[in-house]
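One structure is given below, encoded as structure tokens.
The values are calculated or read from the model by the stated rules, or taken from the named source; none is laboratory data. Note that the structure is a prediction, hence the values are computed from the model and not measured. Note: ideal-geometry Cβ built from the backbone for every residue, glycine included; neighbour counts use all protein chains shown. To get the accessible areas, we keep the full protein, side chains included, count just its heavy atoms, and leave off ligands, DNA and RNA. Shrake-Rupley method; radii C 1.70, N 1.55, O 1.52, S 1.80 Å.
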Amino acid sequence: MIAENLDNKRIAVLLSGGVDSSVVVYEFARLGLHPDCFYIKIGPEETEEWDCSSEEDLEMATAVAHKYGCHLEVVDCHREYWDQVTRYTMDKVKAGLTPNPDVMCNRLIKFGAFHEKCGHDYDLIATGHYAQTEIEERTKWLCTSPDPVKDQTDFLAQIYDWQLEKAIFPIGHYMKDEVRLIAEREHLVNARRKDSQGICFLGKIDYGEYVRRYVGEKTGRVVELETGRLIGEHRGHWFYTIGQRKGLGFGGGPWFIVKKDVDENVLYVSHGYDPETAYKQDFPIHGFHSINGQMPGERVTFKIRHTPEFHAAMLEPTGDGAFTVHSEDRIHGVAPGQFCVIYDEQHHRCYGSGEITV
């Protein structure tokens with residue numbers, strides 16, 4: 001269901017090689033449209049041993065574009081990704097924060113660098129995101145998908161108003177299973193291909209190894225928060241995030257990461273499978289970014305990570321784009337640097353997001 005008026009519109013499809021964007025091309029083709037397709041080339045600084053699945057992605061994208069009679073062009077945004085998204089990620093990691101590169105990729109690359117290189121020639125930029133839009137009184141809103149597991153509005157909550165104006169999400173009204181069925185029915189080459197996991201450019205590369213490559217290692221202490229007892233050593237606070245329990249490797253566990261001292265490179269942990277120190281109900285956010293200029297009211301819903309759950313909260317303005325979130329639920333693993341994405345009470349319309357500062 002493509003709600004936009006497509007008469008005489010020039011349409012660009014960002015075709016990744018995955019099943020979602022491939023079904024986007026089908027959605028246009030069944031309307032008799034043959035949009036121009038673009039494969040955005042991004043990746044780490046090096047190739048060879050750091051190369052991911054980009055060759056297979058491009059092969060899949062090429063096959064889908066050919067099937068529907070669409071022109072496919074490769075757009076190299078590697079340098080822009082490194083200068084903007086990867087640098088953002090590493091700067092946040094070194095500062096002891098928890099970044100979200102995929103959020104910034106949408107703003108800076110898919111709807112940013114691509115637009116500067118090619119997208120300005122098009123009226124609409126279509127992607128395979130699970131999101132929807134609606135217009136009320138000439139204001140365009142970013143709205144959630146009916147699939148709570150796949151909904152990707154949280155990854156889009158930092159885009160600008162002009163980017164939303166050009167965005168179209170042709171599969172946003174589907175459930176993921178429906179997209180798979182369409183792909184199989186249409187005999188798409190990637191119909192049964194697994195969804196990509198993790199950060200968009202890393203492919204099969206281990207995130208911890210990637211951080212080690214660019215940030216390095218530095219031994220520090222692991223301390224029990226409640227007692228001050230030395231638990232062990234770690235290889236750099238940037239390898240860990242608040243709320244983390246798995247993969248710590250500290251003896252005598254289970255342990256939760258509950259606090260960092262970035263200046264002293266100290267990790268503070270609490271013992272147990274579900275310690276009280278792993279939860280918060282009230283936390284500040286700053287730099288709130290409104291997607292379309294509309295600000296949220298007092299009663300909202302929110303999420304701080306890519307999960308199906310939304311949490312009800314009261315939003316207290318504290319000035320200059322800053323708020324305190326008063327959650328009705330105890331929230332696990334609230335970490336500085338995460339984006340808190342704000343929705344209306346019905347978690348239908350997405351207002352935007354701000355960065356957690358606790």
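Which percentage, to the nearest 5, of the DSSP beta bridges contained in the chain is antiparallel?
Expressed as a percentage, antiparallel bridges in the chain total about 75.
I'd like the distance separating the alpha-carbon centroids of the range 235-267 and the range 208-234, in whole Å.
6 Å
With springs connecting C-alpha atoms under 10 Å apart, model the chain as a Gaussian network and identify which of ARG245, ARG213, ARG299 has the largest mean-square fluctuation.
Among ARG245, ARG213, ARG299, the largest GNM mean-square fluctuation belongs to ARG213.
With +1 assigned to the C-beta of every Lys and Arg and -1 to the C-beta of every Asp and Glu, and no other charges, what is the dipole magnitude of the chain about the Cα centre in debye, to the nearest 20?
The dipole of the chain has a size of about 480 debye.
For the range 59-140, rounded, prolate or oblate, judged on the Cα gyration tensor with a ≥ b ≥ c (square roots of eigenvalues), a/c < 1.5 rounded, else prolate if a/b > b/c?
Cα axes put the range 59-140 in the oblate bin.
Considering the options VAL64, PHE250, HIS326, tell which one lies farthest towards the positive end of the dipole of the chain, charges being +1 on Lys and Arg and -1 on Asp and Glu at the Cβ, about the Cα centre.
PHE250
Residue farthest toward the positive end of the dipole of the range 83-189, with Cβ of Lys/Arg at +1 and Asp/Glu at -1: which of SER145, THR127, VAL85?
The one lying farthest along the dipole's positive direction is VAL85.
In debye to the nearest 20, how big a dipole does the range 1-160 give about its Cα centre with +1 on each Lys and Arg Cβ and -1 on each Asp and Glu Cβ?
It comes to approximately 440 debye.
Name the residue farthest towards the positive end of the dipole of the chain from the options LEU230, VAL300, CYS350, assuming +1 on Cβ of Lys and Arg, -1 on Cβ of Asp and Glu, about the Cα centre.
LEU230
Collect residues whose amide H, placed 1.01 Å from N in the peptide plane, falls under 5 Å from the amide H of GLY352; neighbours closer than 5 in sequence don't count.
For GLY352, whose amide H was placed from the backbone, the distant partners under 5 Å are ILE291, ILE342.
Students often forget the sequence filter, so: which lysines lie under 26 Å Cα-Cα from LYS194 once same-chain residues fewer than 8 apart are removed?
LYS41, LYS67, LYS110, LYS150, LYS176, LYS204, LYS246, LYS303
Beyond a 20 Å Cα-Cα separation, which of these cross-linked pairs lie in this structure: LYS94/LYS218; LYS92/LYS117; LYS94/LYS280?
LYS92/LYS117; LYS94/LYS280
Within the accessible area of the range 212-358, what % is carbon and sulfur when the probe is 1.4 Å and the other protein chains stay in place?
Within the range 212-358, the accessible surface is 45 percent carbon and sulfur.
Run the dipole for the range 75-197 about the Cα centre, Lys and Arg Cβ at +1, Asp and Glu Cβ at -1, nothing else charged, and hand back the magnitude in debye, nearest 20.
It comes to approximately 500 debye.
Kindly report the accessible area of the chain per residue (heavy atoms of protein chains, probe 1.4 Å, no ligands, DNA or RNA), in Å².
For the chain, the per-residue accessible area is 47 Å².
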